[in-house]
């Protein structure tokens, strides 16, 4: 990846933000709170707040240009697997196959822990202007990517900002783990460690990780620490001797397939949407809220994309070394394909 630097104002406005007039930036920043839609999603210990931005808004445009033309060109650590082109959740798990001891750590309030001052501090090295102009551009960037002085979950730029800010910690964690023959990868706020040996479960290891994170003001969510042996389940996937969909994630999928046929095949897409949205799904993010009722599927396309995604996942992650597993997954893939075909004919 070619490193990008900002050498003058014109390059920032014209080549990165792709605007002809500074006033576009000023006016957008003045009204930026108006462009966010706050969605509250229930979780076990409270709610998750997502700040969504309309794709038609000037804030979305500016964040998207900043992301594509600047943030994505800043290198991340090799330990980071989330929100990186060519990388996936599978890459997050692969280094941990066939390990004996597993430790999963979740960072508390991950995005909200990233503040304006830290963003300016880390990005300053990529600006090659005098101090006055550098400060001005850094102020604009930090204003564009934050709300109430922190990085909001849901903003276009938040994933890239988080990886850039966390790079220093990733490198420190990676070096420390290498000394102990421990594998380390990170997907957003999920940190996964594994080893053939038990050091990863000892108090000294967790305490050291805690101190490293605290040095940059990140806290561990103690209630979400997981220690296991032989295999570990994360976000609906299980890694051990192989990587596979967990039973709980498959339940979400089979629920959708079952509901399609419950009471007979639906006669319209609206009837199907009503059926599907009458249930809850552990691994499906809420798309909308209507009269205190959560909407998981909003259109025919959203259902088809959901099923096609699982089909691709089962094909890609199938275990060719286990005949029964492969046979079961082949049956599930055929069920998905049949339902996809039937849904495609609905109007």
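Read the figures in this text as sums done on the coordinates, not as results from a lab. For clarity, every value in this text was computed on a predicted model and none was experimentally measured. Cβ sites come from the backbone with ideal geometry, for glycine too, and all protein chains shown count toward neighbours.
Things worth noting here:
- Cα gyration tensor, region 238-307 - rounded (a/c under 1.5), prolate or oblate: prolate
- For region 1-133, the square roots a ≥ b ≥ c of the C-alpha gyration tensor eigenvalues yield an a/c of 1.5 or more together with a/b not exceeding b/c, which makes the shape oblate.
- Centroid-to-centroid, using Cα positions, region 1-37 and region 212-266 are 38 Å apart.
- Residue exposure sequence - 239, 49 - by fewest surrounding Cβ within 10 Å: 49, 239
- The chain shape via C-alpha gyration tensor axes, a/c threshold 1.5: oblate
- Highest-fluctuation residue, 45, 183, 131 considered, GNM on the chain with Cα pairs under 10 Å: 45
- Rel. contact order, % - alpha carbon contacts under 8 angstrom, at least six apart, region 194-256: 14 percent
- The chain - mean residue ellipticity at 222 nm from DSSP helices (-39,500 (n - 2.57) per run, n ≥ 4, rounded to 500): -13500 deg cm²/dmol
- The label-point distance for residue 341 and residue 10, in a model that sets each label 7 Å from Cα toward Cβ, rounds to 6.0 nm.
- Length added when fully stretched, residue 265-residue 91, from 0.36 nm per residue minus Cα-Cα: 58.8 nm
- The ranking of 76, 52, 81 from fewest to most other beta carbons within 10 Å of each one's beta carbon is 52, 76, 81.
- Among 96, 293, sorting on how many other beta-carbon atoms sit within 10 Å of each Cβ, with the fewest leading, yields 293, 96.
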